[in-house]
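The numbers here are math on the coordinates, done by the rules we state, and not lab data. Just so it is clear, the model here is predicted, and its values are computed rather than measured. Please note: Cβ atoms are built from the backbone with ideal geometry, for glycine as well, and neighbour counts cover all protein chains shown.
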There are 2 protein chains.
Amino acid sequence: MDYNRIRAANDRLMGHKRVTPLLSSPFLDDIAGKRVFVKPECLQHTGSFKYRGAFSAVSALPDETRAKGVIAFSSGNHAQGVALAARQHGISSVIIMPADAPKTKIDNTRALGAEVVLYDREHEDRDEIGARISQERDLTLIKPFDEPEVIAGQGTCGLEIAQQAAELGIKDADVLVCCGGGGLTSGIALALEQDAPNMRVRPVEPEGFDDVCRSLISGQIERNPTTLGSLCDAIVTLSPGQLTFPIMQRLCHAGITVTEEQALHAMQLAHDRLKITIEPGGAVALAAALFYGDQTSSDCVIAVASGGNVDRDMFERALTA
Amino acid sequence: MDYNRIRAANDRLMGHKRVTPLLSSPFLDDIAGKRVFVKPECLQHTGSFKYRGAFSAVSALPDETRAKGVIAFSSGNHAQGVALAARQHGISSVIIMPADAPKTKIDNTRALGAEVVLYDREHEDRDEIGARISQERDLTLIKPFDEPEVIAGQGTCGLEIAQQAAELGIKDADVLVCCGGGGLTSGIALALEQDAPNMRVRPVEPEGFDDVCRSLISGQIERNPTTLGSLCDAIVTLSPGQLTFPIMQRLCHAGITVTEEQALHAMQLAHDRLKITIEPGGAVALAAALFYGDQTSSDCVIAVASGGNVDRDMFERALTA
């Protein structure tokens, strides 16, 4: 897994991915006490960065393998990314989703042409279900994060950050990334290692689901006691990946955790000040940028707003937070 | 007023304006029955396209004149644009705003460093107040739309549309523009006349405040009976301008009117599907794209979402529309 693979993914994604801009607001700068830039991946196709990795992985498959179709398991954002990438390649997709995923995400995944198989998050093992179906139908599994072509696709977000920051004259910044399994974080870290070596990549997680923060401290893969019960469902995974963790260990600086209330508040401020819709899991990096300025070492932070697929009631909760 | 002035404004705005992307969603395409692209000027600095024209006008002033400060009258979006442009040039600004403008807009204008003077929309004449103060303090009036450098600044949005559409392979499209006094509409029309001559610019207005639609039909400047009482406050003006109307008459195709309910519904869909926040006046073009597909002649529409500065209660009303 290296920088060149990210460049190759970027070539395949050209004309497909949306180059999301860097947004800012003087009002957010005032809150943080430093310059804050936001990379709004909520504006990416399917409403999250996951489209990058999904398209990268599907497009990297040999033609004959790809033609048989793909399968993925996901709480929602990876699902939509794979569904759209499959449709754009003219192939079928099966998506295994937890039955308690936000309804918007389930509906959207179906509407993008995928066959959705629901499972019970507490009593069923999604890996087992995925393995069984993919074997039965000879489908290729597109893993959500621990897969080189997925990491490469997410890394294209880092290529854009490096270029856009350079255009703004920013050389030195903390780059805060909403972190689940670490696909986006490790991809961005690999891209910036080459293209913007003075930037520090910092994973951000919700309190109580800080497996990556703890893993970076202990130097080994730590697990969350549960993956249930977080508002930030989009970025809660059991632990960092076998591929992503070593990359993060080598390249990332200390992680930051934020509370759910801070994530909701960041959603509200993103709506008010940047005019974007983000989901709780996609808001933790902005929350860290705004409310933990003391934990970032430069006078400029770039926060990735990783997704915007949020149910109506949760969004209204954020507006009144 | 010609294309070269837009190019010159674009040069001055380079490194200052945000190049907003073109957004799309298969879900919106399904509703419209054609391809829909949205130019989200809500993501522009200060939350609306007005920053472009304001910066263009302020930057075009002779140094000595500019140093004395500027004044503007505005229901809100032009106000914020002028306030920020003035601050970026290190000069003072006075903004005359109606006392019933959305509180967000008044607060933001003050926070951007402007001195805000409120007036009563029904009983006071804003032009008279503006003329008095600007004379007393030797300030330069930055008109909201009927001013060549403002039109040129708004036209930079058209330059971007032409380039971005070309990158997507789109040559033929209806370009729907939320239209108040016609600064944005005429600026875009001038830009596209040169850079994308197969595109048709169509002004969009709220029902009951369709002065431009009627003016284009009658061939002379028509007026609205009132400027009060529309949810789409950002784009309601008494009539098109002396400069903007002849440009629109020469270059624009028939206007389209939408209901307030359709504008609110478009706000909801923009939130759900594009993850952007738009205000009622900034939603009329998207509403026309989605709900009046029969009135656009090509299979592709590009709708400018002109602004996103909306109060919380109005946004919540849109979410439940």
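Here are the numbers:
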| read-out | value |
| --- | --- |
| Number of partner chain Cβ atoms within 10 Å, mean per residue of A:41-49 | 3 |
| Share of alpha-carbon pairs per 5 Å distance bin for the stretch A:106-263, given as whole % | 2, 9, 16, 18, 18, 16, 11, 7, 3, 1, 0 |
| Placed amide H near A:Cys178: partners under 5 Å, 5+ positions off or other chain | A:Val204, A:Ala285, A:Val304, A:Ser306 |
| Computed over chain B: relative contact order in percent, which uses C-alpha pairs under 8 Å that are six or more apart | 22 percent |
| Residues with amide H under 5 Å from that of A:Leu141, placed H, sequence gap 5 or more | A:Ile71 |
| Amide H within-cut-off set for B:Cys232, under 5 Å, with H built and near neighbours excluded | none |
| Sequence ranges B:207-219, B:167-179, ranked by mean other-Cβ count within 10 angstrom, highest first | B:167-179, B:207-219 |
| Mean Cβ count within 10 Å, highest first, over the residues of peptides A:181-188, A:2-9, A:267-274 | A:181-188, A:267-274, A:2-9 |
| Cα pair distances of the stretch B:142-216 binned at 10 Å [whole percent] | 21, 48, 27, 4 |
| C-alpha center-to-center spacing [the stretch A:114-131, the stretch A:306-321] in angstrom | 26 Å |
| Calculated from backbone phi, Karplus (6.51, -1.76, 1.60) coupling profile of the stretch A:71-80 in Hz, x at Gly/Pro | 9, 8, 10, 6, 6, x, 6, 4, 4, 5 |
| Across the identical copies, how the B:Leu238 labels are spaced - nm, sorted shortest first, 7 Å along Cα→Cβ | 7.1 |
| Globularity index of the stretch A:245-321, i.e. its alpha-carbon radius of gyration over 2.2 N^0.38 Å | 1.15 |
| The protein assembly as shown: antiparallel DSSP beta bridges as a percent of all, rounded to 5 | 10 percent |
| Separation between Cα centres of the stretch A:76-90 and the stretch B:145-187, rounded to whole Å | 33 Å |
| Mean shadow area of the stretch B:51-141, taken as a quarter of the surface of its Cα convex hull (nm²) | 5.1 nm² |
| Folded to 0 to 90 degrees: helix B:260-269 orientation relative to chain B principal axis, Cα | 80 degrees |
| Extension gain from B:Asp2 to B:Asp107, taking 0.36 nm per residue of separation minus the Cα-Cα distance | 34.2 nm |
| ³J(HN,Hα) computed for each position of the stretch B:189-195 - Karplus, 6.51 cos²θ - 1.76 cosθ + 1.60, integer Hz, glycine/proline x | 4, 5, 5, 6, 3, 8, 8 |
| Scattering curve values for chain A, log₁₀ I(q)/I(0), Debye with Cα scatterers, q = 0.07, 0.13, 0.14 Å⁻¹ | -0.23, -0.86, -1.00 |
| Distance between the stretch A:1-63 and the stretch B:266-298 - C-alpha centres, whole angstrom | 25 Å |
| Order by protection proxy (mean Cβ within 10 Å, highest first), peptides B:246-254, A:115-123, A:83-91, B:157-165 | B:157-165, A:83-91, B:246-254, A:115-123 |
| Nearest-20 debye value, the stretch A:51-141 charge dipole, Cβ charges on Lys, Arg, Asp, Glu | 420 debye |
| Cβ-Cβ FRET estimate between A:Asp138 and B:Arg137, R0 fixed at 60 Å, reported to 0.05 | 0.20 |
| Of every Cα-Cα pair in the protein assembly as shown, the percent that sits beyond 32 Å | 47 percent |
| FRET efficiency, 1/(1 + (r/R0)^6) with R0 30 Å, evaluated for A:Asp172 and A:Arg223 via beta carbons | 0.30 |
| Peptide A:306-313, shielding by other chains (average Cβ, 10 Å cutoff) | 2 |
| Fraction of beta bridges assigned by DSSP in chain B that are antiparallel (%, nearest 5) | 5 percent |
| 29 Å Cα-Cα threshold exceeded, pairs from A:Lys50/B:Lys103; B:Lys17/B:Lys105; B:Lys105/B:Lys275; B:Lys34/B:Lys105; A:Lys105/A:Lys171; A:Lys275/B:Lys68 | A:Lys50/B:Lys103; B:Lys34/B:Lys105; A:Lys105/A:Lys171; A:Lys275/B:Lys68 |
